[in-house]
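Notes follow once the structure below has been shown.
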Amino acid sequence: MIDIHRNGLSNCRLLLAALLLAPFLPACAQESEGEAAPPASPWGTIKSAVSFSGGVELIPLDNWASGDFNALTDGWFGEATPDDNNTSLSMDRTWSTTYEGNFLFTKLKLNVGIDLNVDNNVIGKIYGLMGYIGYYGFMLRAQTSELRGTLSWTGQSVSGMPSEVSFDNRYTSIDLLHAFKGDDYSMYWGIGYTSYRLPVQLDCLTYDNTRQEVWWAGDVYQSDMAFHVYSLLLGIDTLRGSFSGHGAQGFSVLAMSQDRAGGGVSTISDQAKAWVEERNPGLKLLSSTQIAMLVDYDLSLGLQWVGNAGPVRIGAGLGYDLGGQIIMCFSPKGAVTSGYVDASPSLYLAHYGPFVRVIASY
């Protein structure tokens with residue numbers, strides 16, 4: 001198995017090598033001598049002695065940005081509140097890789113794919129079950145990248161809370177996708193799992209007895225808050241649509257667009273809890289558990305080519321990708337009351353960069 005936790009470049013080399021070698025596989029790989037390769041299905045899966053369908057997308061220069069979403073929007077709309085943006089994240093440009101499809105040598109019983117056992121998530125288990133029962137009506141997609149950089153804290157500090165901290169964390173997204181049947185197989189829906197850690201500002205609120213209302217309290221940060229979110233998604237992919245034989249062949253415009261929305265659970269660490277309570281003397285943290293709600297949008301535009309090279313069907317694309325997501329967190333215990341402080345992050349995570357994509361089936 002290819003482990004998505006290993007270096008992305010080595011994984012890409014293995015996959016690209018498989019794509020390049022596919023045309024030279026022996027003729028005995030066909031169901032019978034002289035039989036032509038069947039047309040690609042909506043997801044390009046071909047049932048034969050050797051069955052191969054998949055691809056890879058590379059963003060070699062992926063630019064990242066993140067910060068406090070509440071403070072960002074307050075600045076946009078000119079809201080005069082004490083909810084200052086006290087975090088400044090300087091994020092490195094990194095390499096992002098996305099794998100897609102199914103890889104199966106049916107008679108050899110050898111699977112060449114991706115290790116889906118990330119955080120023991122449900123999506124990987126569902127895909128494993130589908131493989132066990134021999135059902136491949138869905139396509140797998142897994143994305144991996146690095147979130148790396150430095151957080152600088154410009155707000156009031158407490159004991160043991162450094163003004164600067166470095167981070168280097170893995171970003172992983174695993175999706176199970178299904179094409180809408182119809183005249184154009186470019187539209188799809190699916191379920192997904194997203195996992196990463198990131199420094200966040202904890203926006204604090206308390207019940208102000210003087211004002212007799214909930215009001216802002218002293219903020220701190222958490223250096224490594226983990227987000228594990230399940231989501232539903234809906235998208236369009238013209239390259240996949242053309243690859244399945246339901247779109248323009250040869251050169252044409254490439255457009256990929258996807259919406260994602262979901263939820264999960266995050267946790268305020270014991271260290272961050274101590275900082276919150278020290279920053280707000282006399283108040284206890286309302287809840288360390290946080291409900292995390294995610295919305296995400298991604299758009300890719302460029303040029304694509306789809307055609308055949310002997311028994312191999314190939315689709316290739318080149319263009320520019322940009323995307324962003326917002327995570328809003330809240331306490332499951334409801335509104336904060338006197339004597340307590342609620343600490344909930346709100347963050348945005350955006351990225352952009354050029355991409356190259358290749359898909360093939362044999």
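The values are calculated or read from the model by the stated rules, or taken from the named source; none is laboratory data. All values reported here derive from a predicted model rather than from experimental measurement. Methodologically, a virtual Cβ is constructed for each residue, glycine included, from the backbone with ideal geometry; neighbour enumeration extends over all protein chains shown.
General observations
- Yes/no for D270 being of a type in the set (D, E, K, R) and under 22 Å from the mean Cα position of the chain (by Cα): no
- Of the criteria (1) under 30 Å from Y207 (Cβ atoms); (2) under 15 Å from the mean Cα position of the chain (by Cα), which one R260 fails: (1)
- Qualifying positions in the stretch 187-221 - of a type in the set (A, V, I, L, M) and more than 20 Å from L151 (Cα to Cα): M187, I191, L205, V214, A217
- Any chance L177 is surrounded by 15 or more Cβ atoms within 10 Å (Cβ to Cβ), modelled with pLDDT under 85, of a type in the set (A, V, I, L, M, F, W, C) and under 22 Å from L232 (Cβ atoms): no
One line per residue, one yes/no per condition, for (1) in a strand (DSSP E or B); (2) modelled with pLDDT under 95; (3) among the aliphatic types (A, V, I, L, M); (4) more than 22 Å from S287 (Cβ to Cβ):
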| residue | (1), (2), (3), (4) |
| --- | --- |
| A142 | yes, yes, yes, yes |
| L147 | yes, no, yes, yes |
| T150 | yes, no, no, yes |
| D168 | yes, no, no, yes |
| G190 | yes, no, no, yes |
| T194 | yes, no, no, yes |
| P199 | yes, no, no, no |
| Q222 | yes, no, no, no |
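- Residue in the stretch 112-126 that is assigned to a strand (DSSP E or B) and either modelled with pLDDT under 75 or under 30 Å from L151 (Cβ atoms) (or both) present: yes
- Among residues of the stretch 206-220, those that are part of a strand (DSSP E or B) and either at pLDDT below 95 or not aliphatic (A, V, I, L, M) (or both), counted: 7
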